[in-house]
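Here the structure comes first, spelled out in structure tokens, and everything after it is commentary.
Laboratory data are not the source of any read-out in this text; all were calculated from the coordinates shown. Since this is a predicted model, take the numbers as computed values, not measurements. Note that each Cβ is placed from the backbone with ideal geometry, even for glycine, and that neighbours are counted across all protein chains shown.
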Amino acid sequence: MLNMNPVGRVGLLFLAISVVTACGGGSGSSGSGGDADSTRYQPAPGVSWQWQLSGDLNTGYDVEIYDIDLFDNSAETIAELQQQGRKVICYFSAGSYENWRDDAGEFEASDLGSNLDGWEGERWLDIRSDNVRDIMTARLDIAQNKGCDGVEPDNMDGYANTNGVGLSASDQLSYNRFIADEAHKRGLAVALKNDLDQVAALVDYFDFAVNEQCAEYDECDRLNPFIEAGKAVLQAEYASEYQDAAGLTSLCNEMAGSEFSTLVLPLDLDDSVAPRGCDD
């Protein structure tokens, strides 16, 4: 055993503490933005939620999270929900151009790719573009200024679609990590929307996941890394087979024990039919 004088012991202790600190030995999420001490909202598995992106907002649901449109809702609406004890997640599309948005004129022709099938007025974006990234950071500024607790950036899987601008998987990873880092810099929680093929590479960068139709397409297990990391999975299903009582029971039996936050919702996300979940 090495015989060490008191000064030597103190020096070694200081070195050990320095090494632990330098290696990120504290608690917090890994992989994103150097914000291990962040106090941002981080939804836990099983959290209750409501998702409404169109129509007159119904604020009457007794849930922890409201996921609402960033542009269509005011800071006052967000504050009112928070005063009721809700956390507010603000939706915007990070991967597509929407011709009705207030900032639509800021995109350049070279930023725009193919039309999104089934979504009139939307086109895939070249997410490698500095201009696109500037527009998205400005949207995150809006979310921060309106007081959102987090954001749901949509269309984060353009590389897996016919996008018209030649996006690769590595392009998508770079962009998705960029969005997560920029959200965290502003104290915002951030959701990974769909993009199942890259969950393993992105789970450390995102605070929770939002997914559509994983039960319908038998792919919910691909989101388990979020649950295993103590992060919520907000799951929406639209299929008609889940709309009646028997179908909902079957869905809930399938999802039992998963800790997913499962809702059956109208496809237009307009509250035209009340959401139904497995805890109702």
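The table below lists the values:
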| quantity | calculated |
| --- | --- |
| Rg/Rh for segment 133-280, where both radii come from Cα atoms and Rh is the Kirkwood radius | 0.99 |
| Gyration tensor (alpha-carbon) shape descriptor, segment 148-226, a/c threshold 1.5 | oblate |
| Entry for Cα extents along the principal axes in Å (calculated from the structure that is shown) out of (i) 56, 47, 37; (ii) 51, 45, 41; (iii) 75, 48, 38 | (iii) |
| For Ile127, Ile78, Ile142, order by how many other beta-carbon atoms lie within 10 Å, fewest first | Ile142, Ile78, Ile127 |
| Nearest-ten-degree value, helix 169-185 long axis tilted from longest Cα axis of the chain | 70 |
| Most fluctuating residue given options Tyr217, Tyr41, Tyr242, as computed from a GNM of the chain linking Cα atoms under 10 Å | Tyr217 |
| Computed lengthening from Lys185 to Ser168, 0.36 nm per intervening residue step minus Cα-Cα distance | 3.5 nm |
| Between helix 130-146 and the chain: long-axis angle, C-alpha atoms, 0 to 90°, nearest 10 | 90 |
| Where labels lie 7 Å past Cα in the beta-carbon direction, separation of Asp197 and Glu219 in nm | 0.9 |
| Degrees, to the nearest 10: 6-22 long Cα axis against longest axis of the chain | 20 |
| Neighbour cut-off at most 11 other Cβ (10 Å), DSSP loop, chymotrypsin sites (Phe, Trp or Tyr not before Pro), segment 45-110 | Trp100 |
| Calculated [θ] (222 nm, deg cm²/dmol) that DSSP helices of n ≥ 4 give over the chain, each run adding -39,500 (n - 2.57) | -8500 deg cm²/dmol |
| Residue exposure sequence - Cys148, Cys214 - by fewest surrounding Cβ within 10 Å | Cys214, Cys148 |
| GluC sites (Glu not before Pro) within segment 87-128: DSSP coil, no more than 14 neighbouring Cβ in 10 Å | Glu108, Glu120 |
